[in-house]
Structure formats: structure tokens, C-alpha cells
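Colleague: One structure coming up, written as C-alpha cells, with questions to follow.
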Amino acid sequence: MEYGISAREKKGDIHYFVNWSPLALADRWEINAKVPSVAGIFEMYWMDDHKHLRMFNLGQTHYGGLRSELRRLTDPDLCEDVKKRNILEEKEIWYRYVPCNSADIMTDVIWFFMSTYFPENPGVKDSGRYRKIYLTESEPDKLIWVP
């Protein structure tokens, strides 16, 4: 199955279709072997004591690629935030990604996720190219996470 983002424009609106990679346990060797070194969007989660996934990170990467960014963000030795470092050291970290080579598309998709996950303060803006943005996700795993 090919992972990626496709889009359909209609009358000043855009509908993105995001096809995620399978959810995977963060392991440096697996990331190096399986994650492509291309631009894209990623989500990271940590598993709590009740076996619930919790959002850890949502981001995009350009030049370094998904492989190097996921490797860097899952390495506790490279994390300066003490709270995040403790999570990286003590909990299971899971991730998924979607390759994308367009900065404008990534901006719109990240905005959609942030405004959906954190409507009180998304912290980012969309690209400004469209009147309305819609998004449909396709994922091999039925991901349910707890904020």
C-alpha cells in the first residue's frame, strides 16, 4: 500500500485524503530500515499504564526527512525537555507517518490536525490558499488515542 496525501479541489475548497503508514513501535533500527528519508508529516504517541496511546508529537519535516527526524525525536539522549526525556526513557513510543513533498499541503494538513486536536489553541495557520479545508484519513490501524 502506498502512503501519501492526495487532494481534490472544488470551488475554492480543498479536500485532502491522508493515507497513513501503519502504526509502529519506535525502534532505532526499525526506523532506519523502514522509514523513508523524504519530507512528510508524522505523529508520535506514548503508551500509558492503562494501555492507552497519548499524543506525544505531531510535526512535519522537510530537508532531513522522516527517517532522521523520527530517529532524533525518539532518542532520549537528544531530548532537552526533562519531562519528554522521561517519557522516552520509560514508555513505549509509537509513530506513524505520511510522505509529502509539498510545503503548502503539509501546512494545510498540520493546521487541520492541530485545529481538530487542539481547537482552543492550534498554534499554526493554514496556507491561506483555500476557503475551507476538509480531510479524510485512511489508516491500516484503527487508532484511538487519549488527549
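Computed from the coordinates by the stated procedures, all read-outs in this text should not be read as laboratory data. Just so we're clear, the structure is a prediction, and the values are computed from it rather than from any experiment. When we count neighbours, we look across all protein chains shown, and the Cβ atoms used for this are built from the backbone with ideal geometry, even at glycine.
Colleague: Just subtract the alpha-carbon distance of Arg85 and Lys10 from 0.36 nm times their residue separation and send over the number in nm, one decimal.
Modeller: Length gained, Arg85 through Lys10: 22.6 nm.
Colleague: Using DSSP to define loop residues, name the chymotrypsin sites (Phe, Trp or Tyr not before Pro) in region 15-105 whose beta-carbon has at most 11 other beta-carbon atoms within 10 Å.
Modeller: Details: sites: Tyr16, Phe17, Trp20, Trp29, Phe42, Tyr45, Trp46, Phe56, Tyr63, Trp94, Tyr95, Tyr97; in loops: Trp20, Tyr63.
Here the chymotrypsin sites (Phe, Trp or Tyr not before Pro) that fit, given the DSSP loop and packing criteria, are Tyr63.
Colleague: Also: Just grab the label-to-label distance for Leu58 and Asp27, each label 7 Å out from Cα along the Cβ direction, in nm (one decimal).
Modeller: Distance between the two pseudo-spin positions: 2.8 nm.
Colleague: What range in the chain is the longest one free of trypsin sites (Lys or Arg not before Pro) that are in a loop by DSSP and have at most 10 other Cβ atoms within 10 angstrom?
Modeller: Working: sites that count: Lys11, Lys51, Arg131, Lys142.
Longest site-free region, per DSSP loop and neighbour criteria: 52-130.
Colleague: Just to confirm a number: summing +1 for Lys and Arg and -1 for Asp and Glu over residues other than Asp81 whose beta-carbon lies under 15 angstrom from that of Asp81, what do you get? Present the calculation step by step, with values, prior to reporting the outcome.
Modeller: Working: positive: Arg72, Lys83, Lys84, Arg85, Lys91; negative: Asp75, Asp77, Glu80, Glu89, Glu90.
Local net charge: 0.
Colleague: Could you compute the FRET efficiency for Arg129 and Ser37, with r as their C-beta to C-beta distance and R0 at 25 Å, rounded to 0.05? Can you show the working numbers first?
Modeller: Values: r = 28 Å, r/R0 = 1.10.
My answer for the efficiency is 0.35.
Colleague: Assign one of three labels to region 16-58, namely rounded, prolate or oblate, based on the Cα gyration tensor with a ≥ b ≥ c the square roots of its eigenvalues; rounded applies when a/c is under 1.5, prolate when it is not and a/b is larger than b/c, and oblate otherwise.
Modeller: Details: a/c = 2.32, a/b = 1.31, b/c = 1.78.
It is oblate, given that a/c is not under 1.5 and a/b is not larger than b/c.
Colleague: Something else: List the DSSP H helices in the chain whose Cα atoms stretch 20 Å or more along the helix axis and whose mean Kyte-Doolittle hydropathy is at least -0.5. Walk me through the numbers on the way to the answer.
Modeller: Details: long enough: 103-117 (21 Å, 0.87).
Qualifying helices, which must be both long enough and hydrophobic enough, are 103-117.
Colleague: Another question about this same structure. Nearest 500 deg cm²/dmol is fine: what mean residue ellipticity at 222 nm does the chain get from its DSSP H runs of n ≥ 4 alone, each adding -39,500 (n - 2.57), divided by its residue count? All intermediate terms of the calculation are to be shown ahead of the outcome.
Modeller: Details: 4 runs with 40 residues, N = 147.
Mean residue ellipticity, 222 nm, calculated: -8000 deg cm²/dmol.
Colleague: So, R0 is 30 Å and r is the distance between the beta-carbons of Phe17 and Val146; what FRET efficiency does that work out to, to 0.05? Working shown, then result.
Modeller: Values: r = 26 Å, r/R0 = 0.86.
Given R0 = 30 Å and the Cβ-Cβ separation, E is 0.70.
Colleague: So what's Rg/Rh here for region 4-146, counting alpha carbon atoms and using the Kirkwood radius for Rh? Present the calculation step by step, with values, prior to reporting the outcome.
Modeller: Working: Rg = 15.4 Å, Rh = 15.9 Å.
Taking Rh as the inverse mean 1/r over Cα pairs, Rg/Rh reads 0.97.
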